[in-house]
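Colleague: Once you've had a glance at the structure underneath, I'll fire off some questions.
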Amino acid sequence: MRVLDADFMVVGDGLAGAVLTWLLRADGAVVRLFPGDPARAASRVAAGVLNPVTGKRLAAGWEVEAQLASAFSVYGQMEAELGVSVLRRVPLHRFFLHPSEEVFHAKRLEDTRYRAFLSGVRSSEEPLGGFVQPRGFFTISGAGHLEIPPLLDALSHSHAEAGCVEAAPFSYARLDRSGPGLIYDGRIRAKAVVFCEGIGVLENPWFGSLRFRPVKGEALTFTSPELQLPEAVFHHEKWLLPTSNGRFRMGSTYDRGISLGEGHRKLRADAFSPSTDGEAELRGSLPKMFHTPPSMHIVEHKAGVRPATRDRFPYAGPHPEDARLLVFNGLGSKGALLAPWIASRLVRFLRHGERIPEPLRPERFGLTPI
Ligand SMILES: Cc1cc2nc3c(=O)[nH]c(=O)nc-3n(C[C@H](O)[C@H](O)[C@H](O)COP(=O)(O)OP(=O)(O)OC[C@H]3O[C@@H](n4cnc5c(N)ncnc54)[C@H](O)[C@@H]3O)c2cc1C
(Lines give C-alpha, C1' and ligand atoms only; values in the text may rest on other atoms or scores of the structure.)
Protein backbone atom coordinates (compact mmCIF):
# COMPACT_ATOMS: atom_id res chain seq x y z
CA MET A 1 0.00 0.00 0.00
CA ARG A 2 1.29 3.47 -0.86
CA VAL A 3 2.03 5.50 2.28
CA LEU A 4 0.93 9.11 2.29
CA ASP A 5 3.31 11.51 4.03
CA ALA A 6 1.67 14.23 6.11
CA ASP A 7 3.00 16.60 8.73
CA PHE A 8 0.07 16.29 11.11
CA MET A 9 -3.18 14.43 11.63
CA VAL A 10 -6.02 16.40 13.22
CA VAL A 11 -8.89 14.48 14.82
CA GLY A 12 -12.28 16.23 15.09
CA ASP A 13 -13.69 19.05 12.98
CA GLY A 14 -15.52 21.17 15.53
CA LEU A 15 -14.23 24.71 15.93
CA ALA A 16 -10.94 23.56 17.53
CA GLY A 17 -10.00 21.06 14.80
CA ALA A 18 -11.30 23.11 11.88
CA VAL A 19 -9.49 26.30 12.95
CA LEU A 20 -6.27 24.43 13.75
CA THR A 21 -6.32 22.70 10.35
CA TRP A 22 -6.86 26.03 8.62
CA LEU A 23 -3.94 27.68 10.45
CA LEU A 24 -1.62 24.70 9.91
CA ARG A 25 -2.43 24.70 6.20
CA ALA A 26 -1.88 28.48 6.04
CA ASP A 27 1.57 27.89 7.55
CA GLY A 28 2.41 25.39 4.79
CA ALA A 29 1.82 22.13 6.70
CA VAL A 30 0.34 19.02 5.11
CA VAL A 31 -2.62 17.92 7.23
CA ARG A 32 -4.95 14.90 7.31
CA LEU A 33 -8.22 15.88 9.01
CA PHE A 34 -10.53 13.23 10.50
CA PRO A 35 -14.07 14.58 10.70
CA GLY A 36 -16.48 13.54 13.47
CA ASP A 37 -20.22 13.31 13.96
CA PRO A 38 -21.69 16.84 13.60
CA ALA A 39 -24.57 15.84 15.90
CA ARG A 40 -22.00 15.54 18.70
CA ALA A 41 -20.23 18.85 18.05
CA ALA A 42 -20.88 21.55 20.66
CA SER A 43 -19.71 24.00 18.01
CA ARG A 44 -22.88 23.36 16.00
CA VAL A 45 -25.06 24.32 18.99
CA ALA A 46 -23.11 27.31 20.33
CA ALA A 47 -24.43 30.86 20.07
CA GLY A 48 -21.00 32.05 19.02
CA VAL A 49 -20.86 35.01 21.38
CA LEU A 50 -17.37 36.41 21.93
CA ASN A 51 -17.62 37.99 25.35
CA PRO A 52 -14.60 39.45 27.13
CA VAL A 53 -16.28 39.90 30.54
CA THR A 54 -18.23 36.95 31.92
CA GLY A 55 -19.76 35.33 34.98
CA LYS A 56 -21.41 36.69 38.09
CA ARG A 57 -18.20 38.50 39.01
CA LEU A 58 -17.86 40.14 35.59
CA ALA A 59 -14.32 38.89 35.24
CA ALA A 60 -12.12 39.53 32.21
CA GLY A 61 -10.43 36.21 31.44
CA TRP A 62 -6.72 35.41 31.23
CA GLU A 63 -5.13 36.99 28.10
CA VAL A 64 -8.58 38.06 26.90
CA GLU A 65 -7.26 41.10 25.01
CA ALA A 66 -4.90 38.89 22.94
CA GLN A 67 -7.64 36.30 22.46
CA LEU A 68 -10.11 38.87 21.13
CA ALA A 69 -7.52 40.34 18.78
CA SER A 70 -6.66 36.86 17.48
CA ALA A 71 -10.33 35.91 17.05
CA PHE A 72 -11.21 39.02 15.04
CA SER A 73 -8.06 38.68 12.95
CA VAL A 74 -8.32 34.92 12.19
CA TYR A 75 -12.09 34.88 11.56
CA GLY A 76 -11.69 38.05 9.46
CA GLN A 77 -9.08 36.33 7.27
CA MET A 78 -11.34 33.30 6.92
CA GLU A 79 -14.25 35.52 5.84
CA ALA A 80 -12.07 37.20 3.21
CA GLU A 81 -10.60 33.97 1.83
CA LEU A 82 -13.70 31.78 2.04
CA GLY A 83 -16.16 34.42 0.83
CA VAL A 84 -18.50 34.17 3.83
CA SER A 85 -19.86 36.76 6.22
CA VAL A 86 -20.07 35.23 9.69
CA LEU A 87 -18.53 37.67 12.16
CA ARG A 88 -19.95 40.89 13.53
CA ARG A 89 -18.77 43.23 16.23
CA VAL A 90 -21.85 43.76 18.34
CA PRO A 91 -22.54 45.39 21.69
CA LEU A 92 -23.52 43.06 24.49
CA HIS A 93 -26.19 44.54 26.76
CA ARG A 94 -26.26 42.89 30.16
CA PHE A 95 -29.09 43.54 32.59
CA PHE A 96 -28.51 43.76 36.34
CA LEU A 97 -30.61 40.97 37.83
CA HIS A 98 -29.06 40.87 41.30
CA PRO A 99 -27.63 43.55 43.66
CA SER A 100 -24.26 41.73 43.79
CA GLU A 101 -23.80 42.37 40.05
CA GLU A 102 -24.08 46.11 40.67
CA VAL A 103 -21.38 45.81 43.34
CA PHE A 104 -19.02 43.88 41.03
CA HIS A 105 -19.73 46.26 38.16
CA ALA A 106 -18.84 49.29 40.31
CA LYS A 107 -15.65 47.58 41.50
CA ARG A 108 -14.60 46.65 37.96
CA LEU A 109 -15.04 50.21 36.77
CA GLU A 110 -12.33 51.29 39.23
CA ASP A 111 -9.88 49.01 37.37
CA THR A 112 -8.36 50.58 34.25
CA ARG A 113 -8.24 47.19 32.48
CA TYR A 114 -12.04 47.03 32.52
CA ARG A 115 -12.67 50.52 31.24
CA ALA A 116 -12.04 49.32 27.67
CA PHE A 117 -14.91 46.86 27.99
CA LEU A 118 -17.53 48.16 30.41
CA SER A 119 -19.93 51.08 30.15
CA GLY A 120 -21.27 52.75 33.27
CA VAL A 121 -24.75 51.95 34.52
CA ARG A 122 -27.35 52.69 31.90
CA SER A 123 -30.56 53.86 33.42
CA SER A 124 -33.65 51.73 33.58
CA GLU A 125 -35.38 54.76 32.01
CA GLU A 126 -33.52 54.02 28.76
CA PRO A 127 -35.93 51.74 26.85
CA LEU A 128 -34.24 48.70 25.37
CA GLY A 129 -36.22 46.27 23.22
CA GLY A 130 -39.12 45.89 25.66
CA PHE A 131 -36.96 44.12 28.24
CA VAL A 132 -37.87 44.15 31.93
CA GLN A 133 -35.05 46.06 33.61
CA PRO A 134 -35.67 46.86 37.26
CA ARG A 135 -32.01 47.78 37.91
CA GLY A 136 -30.88 49.05 34.52
CA PHE A 137 -28.13 47.52 32.45
CA PHE A 138 -24.60 48.08 31.17
CA THR A 139 -22.98 47.50 27.82
CA ILE A 140 -19.89 45.40 27.14
CA SER A 141 -17.92 46.61 24.14
CA GLY A 142 -15.29 44.62 22.27
CA ALA A 143 -17.77 41.72 22.04
CA GLY A 144 -18.72 39.89 18.86
CA HIS A 145 -21.03 37.34 17.34
CA LEU A 146 -19.72 34.49 15.18
CA GLU A 147 -22.17 32.38 13.19
CA ILE A 148 -20.34 29.11 13.72
CA PRO A 149 -22.24 26.52 11.58
CA PRO A 150 -21.81 28.41 8.26
CA LEU A 151 -18.15 29.02 9.12
CA LEU A 152 -17.63 25.30 9.82
CA ASP A 153 -19.38 24.42 6.55
CA ALA A 154 -17.09 26.79 4.62
CA LEU A 155 -13.98 25.46 6.38
CA SER A 156 -15.03 21.86 5.68
CA HIS A 157 -15.48 22.71 2.03
CA SER A 158 -12.06 24.36 1.85
CA HIS A 159 -10.32 21.45 3.63
CA ALA A 160 -12.07 18.96 1.32
CA GLU A 161 -11.12 20.94 -1.78
CA ALA A 162 -7.50 20.89 -0.62
CA GLY A 163 -7.80 17.08 -0.47
CA CYS A 164 -6.91 16.79 3.20
CA VAL A 165 -10.10 15.29 4.64
CA GLU A 166 -10.35 11.61 5.56
CA ALA A 167 -13.59 9.76 4.87
CA ALA A 168 -14.08 8.18 8.30
CA PRO A 169 -13.59 9.11 11.97
CA PHE A 170 -10.29 8.28 13.62
CA SER A 171 -9.85 4.78 15.05
CA TYR A 172 -7.41 4.72 17.98
CA ALA A 173 -6.62 1.02 17.35
CA ARG A 174 -5.23 1.86 13.90
CA LEU A 175 -2.50 4.17 15.17
CA ASP A 176 0.93 2.51 15.19
CA ARG A 177 3.32 4.34 17.53
CA SER A 178 6.09 1.70 17.48
CA GLY A 179 8.41 3.48 15.02
CA PRO A 180 9.93 6.98 15.01
CA GLY A 181 6.96 8.42 13.08
CA LEU A 182 3.26 7.68 13.52
CA ILE A 183 1.60 5.36 11.01
CA TYR A 184 -2.18 5.36 10.74
CA ASP A 185 -3.99 2.42 9.17
CA GLY A 186 -0.76 1.44 7.39
CA ARG A 187 -1.30 4.28 4.89
CA ILE A 188 -0.64 7.68 6.53
CA ARG A 189 2.72 8.65 8.03
CA ALA A 190 2.78 11.80 10.19
CA LYS A 191 4.98 13.53 12.76
CA ALA A 192 2.15 14.03 15.25
CA VAL A 193 -1.59 13.78 15.81
CA VAL A 194 -3.65 16.52 17.50
CA PHE A 195 -6.87 15.35 19.16
CA CYS A 196 -9.60 18.01 18.97
CA GLU A 197 -12.51 15.80 19.96
CA GLY A 198 -14.55 18.00 22.26
CA ILE A 199 -16.17 15.85 24.93
CA GLY A 200 -15.57 12.81 22.68
CA VAL A 201 -12.09 12.90 24.26
CA LEU A 202 -13.48 10.83 27.14
CA GLU A 203 -13.08 7.78 24.87
CA ASN A 204 -9.49 8.64 23.95
CA PRO A 205 -7.02 6.05 25.35
CA TRP A 206 -4.25 8.64 25.89
CA PHE A 207 -6.16 11.77 26.96
CA GLY A 208 -9.43 10.33 28.30
CA SER A 209 -8.20 10.69 31.88
CA LEU A 210 -7.92 14.50 31.61
CA ARG A 211 -10.15 16.21 34.18
CA PHE A 212 -13.37 17.40 32.56
CA ARG A 213 -16.61 18.73 34.02
CA PRO A 214 -18.95 18.33 31.06
CA VAL A 215 -21.98 20.64 30.96
CA LYS A 216 -24.95 19.94 28.70
CA GLY A 217 -26.53 23.01 27.12
CA GLU A 218 -29.65 23.52 25.02
CA ALA A 219 -30.51 26.42 22.73
CA LEU A 220 -33.44 27.43 20.52
CA THR A 221 -33.74 29.14 17.16
CA PHE A 222 -37.13 30.78 16.68
CA THR A 223 -39.10 33.32 14.68
CA SER A 224 -41.31 35.97 16.26
CA PRO A 225 -43.06 38.44 13.93
CA GLU A 226 -43.57 41.10 16.62
CA LEU A 227 -40.09 40.97 18.20
CA GLN A 228 -37.89 43.83 16.99
CA LEU A 229 -34.35 43.98 18.33
CA PRO A 230 -31.29 45.89 17.13
CA GLU A 231 -28.17 43.92 16.25
CA ALA A 232 -26.72 43.09 19.67
CA VAL A 233 -26.49 40.33 22.22
CA PHE A 234 -28.91 40.69 25.14
CA HIS A 235 -27.93 38.97 28.36
CA HIS A 236 -30.89 38.74 30.74
CA GLU A 237 -32.31 35.59 32.44
CA LYS A 238 -31.03 33.93 29.26
CA TRP A 239 -29.08 35.31 26.30
CA LEU A 240 -30.99 36.33 23.22
CA LEU A 241 -29.78 37.60 19.88
CA PRO A 242 -31.16 38.36 16.44
CA THR A 243 -29.40 36.48 13.61
CA SER A 244 -28.68 37.66 10.07
CA ASN A 245 -31.66 35.74 8.58
CA GLY A 246 -34.38 37.43 10.66
CA ARG A 247 -34.52 34.71 13.29
CA PHE A 248 -33.60 34.77 16.96
CA ARG A 249 -31.38 32.50 19.00
CA MET A 250 -31.87 31.95 22.69
CA GLY A 251 -30.03 29.92 25.28
CA SER A 252 -29.02 28.26 27.24
CA THR A 253 -29.44 25.65 29.90
CA TYR A 254 -26.67 24.33 32.16
CA ASP A 255 -27.00 20.66 33.12
CA ARG A 256 -23.97 19.60 35.13
CA GLY A 257 -25.36 16.16 35.97
CA ILE A 258 -24.57 14.39 32.71
CA SER A 259 -21.35 12.65 33.75
CA LEU A 260 -21.12 10.05 36.47
CA GLY A 261 -18.53 12.27 38.14
CA GLU A 262 -15.09 13.67 37.45
CA GLY A 263 -12.82 10.96 36.12
CA HIS A 264 -15.73 8.91 34.74
CA ARG A 265 -15.63 8.44 31.00
CA LYS A 266 -19.31 7.82 30.32
CA LEU A 267 -22.01 10.44 29.80
CA ARG A 268 -25.74 10.05 30.40
CA ALA A 269 -27.52 8.58 27.35
CA ASP A 270 -29.45 11.84 26.74
CA ALA A 271 -26.35 14.08 26.82
CA PHE A 272 -26.70 15.18 23.18
CA SER A 273 -30.52 15.16 22.93
CA PRO A 274 -32.78 18.20 23.21
CA SER A 275 -35.26 17.72 26.07
CA THR A 276 -38.76 18.92 26.92
CA ASP A 277 -37.40 20.23 30.24
CA GLY A 278 -34.79 22.27 28.37
CA GLU A 279 -37.40 23.78 26.07
CA ALA A 280 -39.70 24.53 29.03
CA GLU A 281 -36.87 26.28 30.90
CA LEU A 282 -36.02 28.47 27.92
CA ARG A 283 -39.64 29.28 27.06
CA GLY A 284 -40.42 29.91 30.72
CA SER A 285 -37.81 32.66 30.95
CA LEU A 286 -39.52 34.89 28.34
CA PRO A 287 -42.13 36.31 30.76
CA LYS A 288 -39.30 37.28 33.14
CA MET A 289 -37.41 39.00 30.34
CA PHE A 290 -40.13 40.99 28.56
CA HIS A 291 -42.95 43.26 29.72
CA THR A 292 -45.03 41.70 26.92
CA PRO A 293 -43.53 38.30 26.08
CA PRO A 294 -43.25 37.86 22.31
CA SER A 295 -44.56 34.80 20.50
CA MET A 296 -42.01 32.05 19.86
CA HIS A 297 -42.20 29.74 16.84
CA ILE A 298 -39.40 27.24 17.29
CA VAL A 299 -37.43 26.42 14.16
CA GLU A 300 -34.65 24.43 15.79
CA HIS A 301 -33.90 23.04 19.24
CA LYS A 302 -30.39 21.67 19.79
CA ALA A 303 -28.33 20.26 22.60
CA GLY A 304 -24.58 19.90 23.02
CA VAL A 305 -21.95 19.26 25.67
CA ARG A 306 -19.50 21.98 26.66
CA PRO A 307 -16.05 20.45 27.23
CA ALA A 308 -15.39 22.34 30.47
CA THR A 309 -12.34 21.64 32.65
CA ARG A 310 -11.80 21.62 36.39
CA ASP A 311 -9.92 24.96 36.47
CA ARG A 312 -11.64 26.43 33.39
CA PHE A 313 -8.35 26.58 31.48
CA PRO A 314 -8.24 24.69 28.18
CA TYR A 315 -5.83 21.87 27.45
CA ALA A 316 -3.32 22.36 24.64
CA GLY A 317 -0.05 20.57 24.10
CA PRO A 318 1.78 17.26 23.93
CA HIS A 319 1.33 14.20 26.09
CA PRO A 320 4.18 14.09 28.65
CA GLU A 321 5.02 10.48 27.73
CA ASP A 322 4.72 10.71 23.94
CA ALA A 323 5.12 14.18 22.46
CA ARG A 324 3.73 12.97 19.12
CA LEU A 325 0.27 12.83 20.71
CA LEU A 326 -1.25 16.26 21.37
CA VAL A 327 -4.55 17.53 22.68
CA PHE A 328 -6.51 20.73 21.95
CA ASN A 329 -9.63 20.72 24.10
CA GLY A 330 -11.34 22.11 27.19
CA LEU A 331 -12.74 25.21 25.48
CA GLY A 332 -15.71 25.13 27.87
CA SER A 333 -18.22 27.92 27.14
CA LYS A 334 -15.71 30.03 25.24
CA GLY A 335 -14.72 28.11 22.11
CA ALA A 336 -15.45 30.98 19.72
CA LEU A 337 -13.22 33.34 21.66
CA LEU A 338 -10.42 30.89 22.51
CA ALA A 339 -10.02 28.66 19.44
CA PRO A 340 -8.02 31.04 17.18
CA TRP A 341 -5.58 32.17 19.87
CA ILE A 342 -4.85 28.66 21.19
CA ALA A 343 -4.69 27.16 17.69
CA SER A 344 -2.15 29.86 16.73
CA ARG A 345 -0.03 28.95 19.77
CA LEU A 346 -0.18 25.27 18.78
CA VAL A 347 0.92 26.10 15.23
CA ARG A 348 3.86 28.11 16.59
CA PHE A 349 4.78 25.15 18.83
CA LEU A 350 4.42 22.47 16.16
CA ARG A 351 6.01 24.41 13.31
CA HIS A 352 8.46 26.76 14.99
CA GLY A 353 9.26 25.18 18.37
CA GLU A 354 7.80 28.04 20.44
CA ARG A 355 6.60 27.33 23.96
CA ILE A 356 2.95 26.78 24.77
CA PRO A 357 1.75 28.89 27.74
CA GLU A 358 2.17 27.00 31.01
CA PRO A 359 -1.51 27.20 32.18
CA LEU A 360 -2.57 25.13 29.14
CA ARG A 361 -0.36 22.11 29.96
CA PRO A 362 -2.52 18.96 29.68
CA GLU A 363 -0.72 17.11 32.49
CA ARG A 364 -1.42 19.76 35.14
CA PHE A 365 -3.81 17.46 37.08
CA GLY A 366 -1.87 14.32 36.16
CA LEU A 367 -2.69 11.83 33.41
CA THR A 368 -3.04 8.07 33.61
CA PRO A 369 0.26 6.55 32.32
CA ILE A 370 0.10 5.12 28.80
C1 LIG B 1 -25.80 25.57 24.33
C2 LIG B 1 -24.38 26.01 24.12
C3 LIG B 1 -24.10 27.36 23.91
C4 LIG B 1 -22.79 27.78 23.73
N5 LIG B 1 -22.56 29.10 23.47
C6 LIG B 1 -21.30 29.52 23.23
C7 LIG B 1 -21.04 30.88 22.91
O8 LIG B 1 -21.95 31.71 22.81
N9 LIG B 1 -19.75 31.25 22.70
C10 LIG B 1 -18.72 30.35 22.76
O11 LIG B 1 -17.57 30.74 22.54
N12 LIG B 1 -18.93 29.06 23.06
C13 LIG B 1 -20.19 28.62 23.31
N14 LIG B 1 -20.41 27.32 23.62
C15 LIG B 1 -19.24 26.44 23.82
C16 LIG B 1 -18.67 25.94 22.49
O17 LIG B 1 -19.66 25.22 21.82
C18 LIG B 1 -17.44 25.07 22.73
O19 LIG B 1 -16.48 25.77 23.51
C20 LIG B 1 -16.75 24.69 21.42
O21 LIG B 1 -17.69 24.46 20.43
C22 LIG B 1 -15.87 23.46 21.57
O23 LIG B 1 -15.31 23.16 20.31
P24 LIG B 1 -14.51 21.82 20.06
O25 LIG B 1 -14.10 21.82 18.65
O26 LIG B 1 -13.48 21.66 21.13
O27 LIG B 1 -15.58 20.64 20.33
P28 LIG B 1 -16.81 20.19 19.43
O29 LIG B 1 -17.46 21.31 18.77
O30 LIG B 1 -17.66 19.33 20.34
O31 LIG B 1 -16.17 19.29 18.28
C32 LIG B 1 -15.53 18.07 18.53
C33 LIG B 1 -15.71 17.19 17.30
O34 LIG B 1 -14.83 16.06 17.39
C35 LIG B 1 -15.51 14.94 16.92
N36 LIG B 1 -14.85 13.70 17.33
C37 LIG B 1 -14.85 13.09 18.54
N38 LIG B 1 -14.16 11.95 18.47
C39 LIG B 1 -13.71 11.82 17.20
C40 LIG B 1 -12.95 10.83 16.49
N41 LIG B 1 -12.48 9.71 17.08
N42 LIG B 1 -12.70 11.04 15.17
C43 LIG B 1 -13.12 12.15 14.55
N44 LIG B 1 -13.85 13.10 15.18
C45 LIG B 1 -14.14 12.93 16.48
C46 LIG B 1 -16.92 15.13 17.46
O47 LIG B 1 -17.85 14.32 16.77
C48 LIG B 1 -17.12 16.62 17.18
O49 LIG B 1 -17.60 16.79 15.87
C50 LIG B 1 -21.71 26.85 23.79
C51 LIG B 1 -22.00 25.49 23.98
C52 LIG B 1 -23.31 25.06 24.14
C53 LIG B 1 -23.58 23.60 24.34
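The values are calculated or read from the model by the stated rules, or taken from the named source; none is laboratory data. Note that the structure is a prediction, hence the values are computed from the model and not measured. Ideal geometry is used to build each Cβ from the backbone, glycine not excepted, and the neighbour counts take in all protein chains shown.
Colleague: Output the number of residues of the range 41-61 satisfying the condition of being surrounded by fewer than 19 Cβ atoms within 10 Å (Cβ to Cβ) and not in a strand (DSSP E or B).
Modeller: 5
Colleague: Being on the phi < 0 side of the Ramachandran plot, under 20 Å from the mean Cα position of the chain (by Cα) and more than 13 Å from the ligand (Cβ to nearest atom) narrows it down to one of 311, 322, so name that one. Spell out how you get there, then give the answer.
Modeller: On the way: 322 fails: under 20 Å from the mean Cα position of the chain (by Cα).
Answer to the check: 311.
Colleague: I would also like to ask the following. If you check residue 202 against the conditions, is it touching a His at 6+ places or on another chain (Cβ under 9 Å), outside the structural domain of residue 238 (by TED's automatic domain parsing) and of a type outside the set (Asp, Glu)?
Modeller: yes
Colleague: Do we find a residue being β-branched (Val, Ile, Thr), within 14 Å of the ligand (Cβ to nearest atom) and under 20 Å from residue 130 (Cβ atoms) anywhere in the range 244-261?
Modeller: Initially, the range 244-261 is screened for residues β-branched (Val, Ile, Thr), giving 253, 258.
Next cut, within 14 Å of the ligand (Cβ to nearest atom) only: 253, 258.
Checking the rest, the ones that are also under 20 Å from residue 130 (Cβ atoms) come to none.
No, the range 244-261 contains no residue that is β-branched (Val, Ile, Thr), within 14 Å of the ligand (Cβ to nearest atom) and under 20 Å from residue 130 (Cβ atoms).
Colleague: Residue check: is residue 179 under 30 Å from residue 270 (Cα atoms) and not hydroxyl-bearing (Ser, Thr, Tyr)? Break it down stepwise before answering.
Modeller: Values: under 30 Å from residue 270 (Cα atoms): no; not hydroxyl-bearing (Ser, Thr, Tyr): yes.
Criteria not met by residue 179.
Colleague: Could you tell me whether the range 214-237 includes any residue that is under 14 Å from residue 305 (Cα atoms), within 12 Å of the ligand (Cβ to nearest atom), free of Cβ contacts under 8 Å to residues at least 40 places away in the same chain and in contact with a helix residue (DSSP H, G or I) (Cβ under 8 Å, 6 or more places away or on another chain)?
Modeller: We begin by selecting, within the range 214-237, every residue under 14 Å from residue 305 (Cα atoms); these are 214-219.
Narrowing the set further to residues that are within 12 Å of the ligand (Cβ to nearest atom) leaves 214-219.
Restricting the remaining residues to those that are free of Cβ contacts under 8 Å to residues at least 40 places away in the same chain gives none.
No, the range 214-237 contains no residue that is under 14 Å from residue 305 (Cα atoms), within 12 Å of the ligand (Cβ to nearest atom), free of Cβ contacts under 8 Å to residues at least 40 places away in the same chain and in contact with a helix residue (DSSP H, G or I) (Cβ under 8 Å, 6 or more places away or on another chain).
Colleague: Does residue 152 meet the test of being in a helix (DSSP H, G or I) and either free of Cβ contacts under 8 Å to residues at least 60 places away in the same chain or not β-branched (Val, Ile, Thr) (or both)?
Modeller: Answer is yes for this residue.
Colleague: Return the only residue of 116, 160, 106 being away from the ligand (no atom under 14 Å from the Cβ), free of Cβ contacts under 8 Å to residues at least 12 places away in the same chain and not assigned by TED's automatic domain parsing to the domain that holds residue 349. Even if it seems obvious, please write down each step before you answer.
Modeller: Values: 116 fails: free of Cβ contacts under 8 Å to residues at least 12 places away in the same chain; 160 fails: not assigned by TED's automatic domain parsing to the domain that holds residue 349.
Of the residues listed, the single one that is away from the ligand (no atom under 14 Å from the Cβ), free of Cβ contacts under 8 Å to residues at least 12 places away in the same chain and not assigned by TED's automatic domain parsing to the domain that holds residue 349 is 106.
Colleague: Identify, from the list 190, 232, 219, the residue that is crowded, with 19+ Cβ neighbours inside 10 Å, closer than 21 Å to residue 303 by Cβ and among the small types (Gly, Ala, Ser).
Modeller: Values: 190 fails: closer than 21 Å to residue 303 by Cβ; 232 fails: closer than 21 Å to residue 303 by Cβ.
So the residue among 190, 232, 219 that is crowded, with 19+ Cβ neighbours inside 10 Å, closer than 21 Å to residue 303 by Cβ and among the small types (Gly, Ala, Ser) is 219.
Colleague: Checking the conditions here, which among 240, 202 is near the ligand (Cβ under 10 Å from one of its atoms), touching a Leu at 6+ places or on another chain (Cβ under 9 Å) and not in a loop (DSSP other than H, G, I, E, B)? Walk me through how you get there before you give the answer.
Modeller: Values: 240 fails: near the ligand (Cβ under 10 Å from one of its atoms).
Only one candidate qualifies: 202.
Colleague: Can you name the residue in the range 30-48 that is in contact with a helix residue (DSSP H, G or I) (Cβ under 6 Å, 6 or more places away or on another chain) and among the hydrophobic types (A, V, I, L, M, F, W, C) and, of all such residues, is farthest from the ligand (Cβ to nearest atom)?
Modeller: Looking at the filtered set, the residue picked out is 31.
Colleague: What residue, among those in the range 331-353 that are buried (at least 24 other Cβ atoms within 10 Å of the Cβ) and within 9 Å of residue 20 (Cβ to Cβ), is farthest from the ligand (Cβ to nearest atom)?
Modeller: Initial filter on the range 331-353 (buried (at least 24 other Cβ atoms within 10 Å of the Cβ)): 331, 335-340, 342-343, 346.
From the residues that got through so far, the ones that are within 9 Å of residue 20 (Cβ to Cβ) too are 339, 342-343, 346.
Working: 339: 7, 342: 10, 343: 10, 346: 13 Å.
In this case the residue turns out to be 346.
Colleague: Let me ask you something else. Just need a number here: residues in the range 156-175 that are over 16 Å from residue 200 (Cβ atoms) and surrounded by 12 or more Cβ atoms within 10 Å (Cβ to Cβ).
Modeller: Step one: list which residues in the range 156-175 are over 16 Å from residue 200 (Cβ atoms), which gives 156-165, 167, 174.
Filter once more, keeping what is surrounded by 12 or more Cβ atoms within 10 Å (Cβ to Cβ): 156-160, 162, 164-165, 174.
Number of matching residues: 9.
Colleague: Only residues that are in contact with a helix residue (DSSP H, G or I) (Cβ under 7 Å, 6 or more places away or on another chain) and more than 16 Å from the ligand (Cβ to nearest atom): list them for the range 125-150, please.
Modeller: Selection gives 131, 132, 135, 138.
Colleague: Looking at 85, 156, 70, can you tell me which residue is more than 26 Å from residue 193 (Cα to Cα) and modelled with pLDDT of 95 or more?
Modeller: Numbers: 156 fails: more than 26 Å from residue 193 (Cα to Cα); 70 fails: more than 26 Å from residue 193 (Cα to Cα).
Going through 85, 156, 70 in turn, the sole match is 85.
Colleague: Restricting to the range 126-170, count the residues that are under 22 Å from residue 241 (Cα atoms) and among the charged types (D, E, K, R).
Modeller: Counting residues in the range 126-170 that are under 22 Å from residue 241 (Cα atoms) and among the charged types (D, E, K, R) gives 4.
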